[in-house]
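The values are calculated or read from the model by the stated rules, or taken from the named source; none is laboratory data. Fair warning: this is a prediction, and the values are worked out from it, not measured in the lab. All Cβ positions, glycine included, derive from the backbone under ideal geometry; neighbour counts span all protein chains shown.
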Amino acid sequence: MRKILRVAKREYRTSVRTKGFIIALILMPVMMGGSALAMFLFRGQVDTRDKKIVVLDHSGQVADVIMQAAEARNEAEVIDKETGKKVKPAYIIERVEPDVDDPLAHRLALSDRIRRGELHAFLEIGPNVVHPEKDWETAKIAYYAKNAAIDTIRGWMNGTINNHLRRVRLSDVGVQPQQANEILTWLEIAPLGLVSVDEAGQIKEAQRSSEAEAVGVPLILFFLLFMMIMMGAMPQLQSVMEEKNQRIAEVLLGSLKPFEFMAGKVLGGLAVSLTAASVYVAGGIFLLRRLGLAAFIPYQIIPWFFAFLVLAIIMFGSILAALGATCNDAKDAQNLTFPAMIPVFIPMFLLMPVLQEPASSFATALSLFPPFTPMLMLLRISAPAGIPLWQPWVGLIGVILFALLSIWAGGRVFRVAILMQGMPPKLSNILRWAVRG
Amino acid sequence: MNVVQLEHLTKTFGSVTAVNDLSLNVPQGSIYGFIGPNGSGKTTTLRMIMNIFYPDSGKIEIFGRELDESAKDRIGYLPEERGLYQKMKVRELLQFYGELKSGRKVDNQVDDWLERLDLSDWAHRKVEALSKGMSQKVQFIATIVAKPELIILDEPFTGLDPVNTEAIKDVVLELRSQGATIIFSTHDMSVAERMCDYIFMIFRGEKVLDGTLASIQDKYGSDTLRLRTEAGMTALQDLEGIEKVTDYGRMQELRVQPDSDHQKILAEVMSRTRLLSFELSKPTLHDIFIRIAGPEAKEANHA
């Protein structure tokens, strides 16, 4: 054990004391939250150039309303009242009579104007939009633009036009505008958790459930575990290959058993991951408390996170160290990296289906398959719906057994392969070494 | 007492027999030289003594006990191919290797050895900054820093200049005088002749020589005539009773057939040219090595 710890200490110190570790520690969350951060930072970056839109109104009932709404919007939203700066584009609506003889040629002409940059878009409103039930074909509304599918103006048009059309329909059946307002009132359904009893025995109203809790907590823990596996276990492949290639392995084997060598390396990688994970978890808790979001801290999940982290690193670390021992050079290691990473990446692909239906038998079965258990079980435990308590325990036992198997088989492969030169790391060789030792 | 005792050791890799039925005893406090051509089984034998390779059959006893992992703590091992962590600092690296072996702090010993081998200025530099010779010395310190009782050195002098070779040789002799047992493999026959109490030669996995230099040379007898003549090589053509003539330019070496008379040969040479000097001696280790493993031996084997 002494020798294992000494190797682990060296591994840990050489990893943690490098600038690379500090940079990785900072960069990882930046990369993880990179897109969210970019959206936050660049949220003010709006194209404020005016948008000119032509409206072809076959119904004759909508164009004016759009123009009025656009004017009202331009008045209210385009210029920031406090700073006097233009913060949004103005919508300039131009009403054009539709060409009923050759509508296609007309659309082409307008499209060409868009291509030339004279227009942003054009909207064509069918003649029967007020009563579409009569003839759906003539009740269509079409928005033509370069980027119509993700154009925010289309969304604004949608709301404005439909709101108006509903009022027209209500008015046609004799509803007063005042009543129409009430009829059209829209109520949101509040998402709530479950009612519980607090420590004092009082019934506690359910908390408002938010997207942050439903998706944020499981996602953050899931990605954190993924990153820690990448940091603590993945480097083993390369590192052992280098030690073999540079003949350091033989020097070390003059002092310790191959198994002690491998175990020391895995333990060192584990210590590196635990250090980084502790920094992130402690930092996260501190930050959430400072921001008054202490309610979102999943204290009951954190022990599971660390338990699965430890086992995942032992499991993947031993396999990767053994694979590293089978490599003769950097090219071999490169060829093995992708297949070696598959068990870590598959849970990434299964992320969304498992997160949406954590209690499904599909999610349950996958999360009980040991190589996937740490990441998928953690995802399922941290989802607000929760899962039966036996499942994480059974998963944990499965991972412990699989980790022991990995250490045993990895140790055997490592011992045979670490001094073997010129033998390619073929699956058949690796399996033979694992079985025969 | 024998520090190392090998009995009928055999090791094969696939269809290749690297070591075949090898038995060997290394007495305590001796310097034992392992010689043999490349690929003859020296390193495999050393790795088996280190418990890095397991023999297919046979028995290994170290310090009077059957070999197990605990013996490694008492053995210093310098492998043929040097392996140092390039990114570590010299002092930290030596502390690591020393602590791994001995289980205690070796800071003082590390500093002493760095001083002794003139590496103190490099103690806080990374290994990658060292020259080949310096790396070699660092590796040597790593082997001995934990004060092992048995020191196994696989080609310890390759890549060293004469000054450093002397420095390492002095340390090896000093460690022996302090009671350590040394096994080293070498291709430098003159070093083996000068340093080793016993010489063991392995060839194609088989033991072909084992004993003191004198006992090995005795086997071959005084069959070597070294001559300097005015005519040089031309005067030595077609001499009777000679097995082989080796020309060293200013000096020629004649291997005399076992039943030939040295006097007659000398008289014949003197009748052909003026003799400047002569010496009748035993064959050198170099010569014996060549006789066993050189092209001559290959021809004899093929015949």
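Residues A:LEU256, A:LEU267: which one is at the interface with another protein chain (Cβ under 9 Å from one of its Cβ atoms), surrounded by 18 or more Cβ atoms within 10 Å (Cβ to Cβ) and over 17 Å from A:ALA340 (Cβ atoms)?
A:LEU256
Given the criteria among the hydroxyl-bearing types (Ser, Thr, Tyr), closer than 27 Å to B:GLN28 by Cβ and at pLDDT 85 or above, does B:THR186 qualify?
Yes.
Taking the stated definitions as given, is A:PRO392 at pLDDT 85 or above and over 22 Å from the mean Cα position of the chain (by Cα)?
It is true that A:PRO392 is at pLDDT 85 or above and over 22 Å from the mean Cα position of the chain (by Cα).
Could you tell me which residue of segment B:121-145 is modelled with the lowest pLDDT, considering only residues that are surrounded by fewer than 15 Cβ atoms within 10 Å (Cβ to Cβ) and touching a helix residue (DSSP H, G or I) at 6+ places or on another chain (Cβ under 8 Å)?
B:GLY133
Inside segment A:168-262, counting only helices (runs of 4 or more DSSP H) that do not spill past its ends, which hold 2 or more residues that are within 30 Å of A:SER273 (Cα to Cα)?
A:217-232, A:235-245, A:248-253
Looking at (1) at pLDDT below 90; (2) more than 27 Å from A:SER239 (Cβ to Cβ), which is the only condition B:ASP112 fails?
(1) is the only condition that B:ASP112 fails.
Could you check segment A:312-338 and list, in sequence order, the residues that are surrounded by fewer than 24 Cβ atoms within 10 Å (Cβ to Cβ) and closer than 25 Å to A:LEU274 by Cα?
Result: A:THR337, A:PHE338.
Of the numbered conditions (1) within 21 Å of the chain's Cα centre (by Cα); (2) outside any loop (DSSP other than H, G, I, E, B); (3) surrounded by fewer than 22 Cβ atoms within 10 Å (Cβ to Cβ); (4) within 13 Å of another protein chain (Cβ to nearest Cβ), B:MET48 satisfies every one except a single condition; which is it?
Unmet for B:MET48, out of (1) within 21 Å of the chain's Cα centre (by Cα); (2) outside any loop (DSSP other than H, G, I, E, B); (3) surrounded by fewer than 22 Cβ atoms within 10 Å (Cβ to Cβ); (4) within 13 Å of another protein chain (Cβ to nearest Cβ): (3).
Can you name the number of the only condition in (1) closer than 19 Å to A:VAL129 by Cα; (2) at pLDDT below 90 that A:GLY84 fails?
(1)
Going by the structure shown, is B:SER222 small (Gly, Ala, Ser) and within 28 Å of the chain's Cα centre (by Cα)?
yes
Which residues, taken from segment A:377-396, are within 25 Å of A:PRO191 (Cα to Cα) and part of a helix (DSSP H, G or I)?
Those that are within 25 Å of A:PRO191 (Cα to Cα) and part of a helix (DSSP H, G or I): A:MET377, A:LEU378, A:LEU379, A:ARG380, A:ILE381, A:SER382.
Mind counting the residues in segment B:208-239 that are of a type in the set (D, E, K, R), in contact (Cβ under 8 Å) with a residue 40 or more places away in the chain and more than 15 Å from B:GLU253 (Cα to Cα)?
Within segment B:208-239, residues that are of a type in the set (D, E, K, R), in contact (Cβ under 8 Å) with a residue 40 or more places away in the chain and more than 15 Å from B:GLU253 (Cα to Cα) number 2.
Please go through segment B:88-104 and pick out each residue that is at the interface with another protein chain (Cβ under 8 Å from one of its Cβ atoms) and over 13 Å from B:LEU130 (Cα atoms).
Result: B:PHE96, B:TYR97, B:GLU99, B:LEU100, B:LYS101, B:GLY103.
For segment A:355-389, give me the residue count where each residue is buried (at least 20 other Cβ atoms within 10 Å of the Cβ) and at pLDDT below 85.
3
Looking only at segment B:63-87, which residues are surrounded by fewer than 21 Cβ atoms within 10 Å (Cβ to Cβ), more than 8 Å from every other protein chain (Cβ to nearest Cβ) and not in a helix (DSSP H, G or I)?
Residues satisfying the conditions are B:PHE63, B:GLY64, B:ARG65, B:GLU66, B:ASP68, B:GLU80.
In segment B:177-216, how many residues are touching an Asp or Glu at 6+ places or on another chain (Cβ under 8 Å), assigned to a strand (DSSP E or B) and crowded, with 18+ Cβ neighbours inside 10 Å?
Number of matching residues: 7.
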